[in-house]
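Structure first, commentary second.
No lab work stands behind these numbers, since they all come straight from the coordinates. Treat the numbers as computed from the prediction; the structure is a model and nothing was measured. Note: ideal-geometry Cβ built from the backbone for every residue, glycine included; neighbour counts use all protein chains shown.
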Amino acid sequence: MTATEQEPVGVGLPRLGEPAPAFEAVTTQGTVRLSDFEGSWLVLFSHPADFTPVCTTEFMAFAEIYPKLQERHTELLGLSIDSVYSHIAWVRNIEEKTGVKIPFPVIADLDRKVATAYGMLMPGESKTETSRCVFVIDPRGVLRAMIYYPLTTGRNMDEILRLVDALQMADANQVATPANWRPGDKVIIPTPPTVEVAAERMSDDFARKTEGFERVDWYLCKKSVAPA
Amino acid sequence: MACVNADGTLSASGRAILGAVEQPATPEQVAAATGLPLFRVRSGLRELVAAGLVSEDGLLFAAASRAP
């Protein structure tokens with residue numbers, strides 16, 4: 001096997017907690033750079049192709065949550081390996097046929113530069129289409145979360161909103177969020193890093209001082225946090 | 001191009017951004033004045049600067065005839 005066969009193009013993945021790969025790309029709303037989004041959260045997502053059924057339902061669903069994302073200081077940016085003219089024709093068609101206006105920009109990644117940088121191409125699934133990827137990038141440009149769905153399966157918008165809420169909650173309050181967490185639910189107090197802090201966590205005084213305190217054991221404690 | 005058309009005329013968002021920098025302004029101020037998302041303002045200002053219609057001085061942008 002040659003080196004080229006061993007390392008197919010597009011399989012490298014970006015890493016959580018590191019700066020998201022920079023890009024400048026043509027979109028349906030002009031040429032944008034990743035740095036243009038600095039200061040706000042960004043949900044960058046890819047779809048396999050324009051004028052396809054699952055993608056159309058996803059675009060309508062992304063358009064529906066866009067105002068909710070904006071309330072969370074979060075922008076939305078789509079991508080596929082189609083031309084900007086295809087994107088324009090498709091978003092116009094969606095509006096004409098369904099009445100849903102697509103308010104966010106869509107990258108026309110014909111040279112696959114962004115798709116490759118973000119590992120959106122899964123050659124085992126398709127060599128010509130991006131998979132259904134979601135990247136959540138924070139206001140400092142750091143990649144904070146990734147979701148990958150296969151071509152067959154449309155994404156869950158509630159989960160994307162929940163993920164943004166959870167990341168913002170974690171940043172604002174230095175906490176973690178448990179399984180199936182929703183805004184308003186209790187959050188997890190970070191695990192004690194020392195024996196001393198673990199003992200403190202087990203004390204009645206700590207329980208008294210902590211709003212909504214709930215303790216399973218020293219390593220699993222929850223508390224209430226007022227919604228932002 | 002989102003702000004400057006191929007024939008050199010301005011799109012609606014281009015005219016809005018240019019109008020918002022008659023007096024020197026930051027991208028954040030332009031976004032507030034125009035109602036456009038900040039990323040579009042940054043992208044649009046870059047385009048208008050490249051077209052020579054807006055000049056940039058540090059954080060401030062101004063219509064070229066009113067350079068900051």
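Could you tell me the distance between the Cα centroids of region A:90-127 and region A:152-228, to the nearest Å?
Answer, in whole Å: 35.
Using a Förster radius of 41 Å, what is the FRET efficiency between A:Val197 and A:Glu125 based on their Cβ-Cβ separation? Nearest 0.05, please.
0.35
About its Cα centre, how strong a charge dipole does region A:62-129 have in debye, to the nearest 20, once Lys and Arg get +1 and Asp and Glu get -1 at the Cβ?
Using only the charged Cβ atoms, the result is roughly 40 debye.
Under a 10 Å cutoff between Cα atoms, tell me which one of A:Ala22, A:Ala49, A:Ala108 has the largest fluctuation in the Gaussian network model of chain A.
A:Ala22
Given Cβ point charges of +1 (Lys, Arg) and -1 (Asp, Glu) and nothing else, what value in debye, to the nearest 20, does the dipole of chain A about its Cα centre take?
Approximately 300 debye in magnitude.
Convex hull over the alpha-carbon atoms of region A:101-171: what's its volume per residue in Å³?
Here the figure is 126 Å³ per residue.
Provide A:Tyr149, A:Tyr219 in ascending order of the number of other Cβ atoms located within 10 Å of each residue's Cβ, fewest first.
A:Tyr219, A:Tyr149
Which of A:Asp205, A:Asp171, A:Asp109 has the fewest other C-beta atoms within 10 Å, and how do the rest follow up to the most?
Listed from fewest to most nearby Cβ atoms, that is A:Asp205, A:Asp171, A:Asp109.
Using a simple spin-label model with points 7 Å from Cα along the Cα→Cβ vector, what separation in nm is obtained for B:Glu28 and B:Ala51?
If labels sit at B:Glu28 and B:Ala51, their model points lie 2.7 nm apart.
Rank these for me by crowding, A:Arg15, A:Arg162, A:Arg144, going from fewest to most other beta carbons within 10 Å.
A:Arg15, A:Arg162, A:Arg144
Between Rg and the Kirkwood Rh of chain A, both from Cα atoms, what is the Rg to Rh ratio?
Checking Rg against Rh, the ratio lands at 1.06.
With viscosity set to 0.890 mPa s at 25 °C, what whole-number translational diffusion coefficient in µm²/s follows for chain B from Stokes-Einstein and a Kirkwood radius over Cα pairs?
In µm²/s, the coefficient rounds to 217.
In the protein assembly as shown, with Lys and Arg counted as +1 and Asp and Glu as -1 at Cβ, which of these residues, B:Ala50, A:His87, A:Leu121, has the Cα nearest the positive end of the dipole, that is, farthest along it?
The listed residue farthest towards the positive side: A:His87.
Please express the shape of region A:68-113 as an equivalent ellipsoid: the semi-axes are the square roots of 5 times the eigenvalues of the C-alpha gyration tensor, given largest first in whole angstrom.
Here the semi-axes work out to 20, 18, 5 Å.
222 nm [θ] for chain A, helices only, -39500 (n - 2.57) per DSSP H run of 4+, per residue, to 500?
About -9500 deg cm²/dmol.
What nm distance separates the two modelled labels at A:Asp217 and A:Glu96, each placed 7 Å from Cα along Cα→Cβ?
Going from the A:Asp217 label point to the A:Glu96 one covers 6.3 nm.
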